[in-house]
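Visitor: Starting off with a structure, shown below.
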Amino acid sequence: DRISGGRFVLGMGAGWQINEHAKFGIDLPKPGPLLRRFDEALQVIRALRDEDRGSFAGEFYTLTDAPMAPKAVGPLPIMVGGAGEKVMPRIIARWADEWNVWGDPARFAHKNAIITQACEAIGRDPRSVARSTQATVVLGPDGAAKAAALNERAPAIGGTVEQLIDVVGQYVEAGLDELIVPSGARSPQEALDLWATFMEEILPSFQ
């Protein structure tokens with residue numbers, strides 16, 4: 001956070017990639033205890049971030065007058081990534097400053113409504129949780145068709161500049177605050193070209 005001048009965002013997730021955990025010998029609990037542990041972890045991080053010294057007593061973590069130094073120079077928002085629709089929305093509503101999920105406009109809109117409902121259920125202003133998403137972007141005359149094929153495995157959007165402006169507009173209408181633009185490019189230069197097009201030809205429609 002100090003290196004970036006206070007612009008760092010702390011992205012957190014409960015964990016799910018079984019093969020990665022197995023390769024490094026890290027235990028991946030079943031969903032119930034996994035999410036309880038994640039809930040506690042977020043409380044610990046907020047205590048260390050927000051208090052001079054943090055204390056916490058839970059099922060998985062215990063802190064007693066614990067320092068985090070040096071402190072962040074910016075707000076150090078906690079971004080929680082999660083697509084679950086039962087337990088995770090309640091965790092996000094309690095502890096997250098920002099929520100992130102992979103999704104095309106329809107998937108994002110569906111998941112976003114659930115996060116809003118979770119905030120309302122605990123009396124939190126839903127607008128106090130920033131919303132971000134991403135989907136693989138395929139630019140070109142056949143981009144929409146390619147994205148549709150990719151979308152069968154993971155969220156993707158695509159098309160011409162005009163088509164992508166329409167897609168981004170759908171995100172905005174669904175309540176999106178930030179669109180992260182990963183690339184399905186086959187080379188670094190192709191990725192740079194995509195991002196340049198986004199900045200120069202698509203983004204101005206939403207400023």
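The values are calculated or read from the model by the stated rules, or taken from the named source; none is laboratory data. Remember, predicted model here, so these are calculated numbers, not experimental data. We place every Cβ from the backbone using ideal geometry, glycine too, and count neighbours over all the protein chains shown. Surface accessibility is based on the protein's heavy atoms, side chains included, excluding ligands, DNA and RNA. Shrake-Rupley method; radii C 1.70, N 1.55, O 1.52, S 1.80 Å.
Visitor: Please enumerate the residues belonging to region 167-193 that are at pLDDT 95 or above, outside any strand (DSSP E or B) and surrounded by 13 or more Cβ atoms within 10 Å (Cβ to Cβ).
Guide: 167, 168, 169, 170, 171, 172, 174, 175, 176, 177
Visitor: Would you mind telling me which numbered condition in (1) in a loop (DSSP other than H, G, I, E, B); (2) at pLDDT 95 or above residue 154 fails?
Guide: (2)
Visitor: Quick check: anything in region 115-130 in a strand (DSSP E or B) and either over 30 Å from residue 39 (Cβ atoms) or open to solvent by less than 30 Å² (accessible area, probe 1.4 Å) (or both)?
Guide: The answer is no; no qualifying residue exists.
Visitor: Working only within region 1-57, note down all residues that are in contact with a helix residue (DSSP H, G or I) (Cβ under 8 Å, 6 or more places away or on another chain) and part of a helix (DSSP H, G or I).
Guide: Hits for region 1-57 are 35, 38, 39, 42, 43, 46.
Visitor: Still on this structure, I have one more. I'd like the full set of residues that are open to solvent by less than 60 Å² (accessible area, probe 1.4 Å) and more than 20 Å from residue 84 (Cα to Cα), limited to region 22-45. Explain how you work it out, then say what you get.
Guide: Taking region 22-45 and keeping what is open to solvent by less than 60 Å² (accessible area, probe 1.4 Å), we get 28-29, 32-35, 38-45.
Matches in region 22-45: 44, 45.
Visitor: Now a separate question. When you go through (1) more than 26 Å from residue 77 (Cα to Cα); (2) open to solvent by less than 80 Å² (accessible area, probe 1.4 Å) one by one for residue 111, which number turns out not to apply?
Guide: Single failed check for residue 111: (1).
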